[in-house]
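The values are calculated or read from the model by the stated rules, or taken from the named source; none is laboratory data. Just so it is clear, the model here is predicted, and its values are computed rather than measured. Keep in mind that these areas ignore ligands, DNA and RNA; they rest on the heavy atoms of the full protein, side chains included. Shrake-Rupley method; radii C 1.70, N 1.55, O 1.52, S 1.80 Å.
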Amino acid sequence: GLRLEITARLPTIDPGQAPSAGRVVVLANGVPAAGFFACGRWRKMTVTIPGGLVASGLNKLTFQWPPLQCTGERALQTAIRRLQRGLPADVHPVFGEVAQILASPC
């Protein structure tokens, strides 16, 4: 198996709205293997990928983030409001952010 220590958060799109929160699913080589709860603050979580899903050599980890708080026209209006307040605004959607992943065998 593989032990992953993941430091991650969900984006705060609009400071006037409630922060994002939701479950993130970790896939190992395309198969759902583990999950964790993420929110708008940086959190360090530990998950274990079962040994049967880890191949010898190179493996692919994929994160399935929760749906965005806002999309389309609403996302554009949020970006405009942020710019008007002098805050940075992303025009490209950010589903989640990972600061660090430490992997070790278990």
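List of remarks:
- With respect to the stated conditions, R41 is within 19 Å of T7 (Cα to Cα) and at pLDDT below 95.
- Of the strands (runs of 3 or more DSSP E) entirely within segment 27-83, none holds at least 1 residues that are under 16 Å from C106 (Cα atoms), acidic (D, E) and open to solvent by less than 80 Å² (accessible area, probe 1.4 Å).
- Scan of segment 84-99 for residues that are open to solvent by 90 Å² or more (accessible area, probe 1.4 Å) and either at pLDDT 90 or above or of a type outside the set (A, V, I, L, M) (or both), ordered by number: Q84, R85, P88, D90, H92, F95
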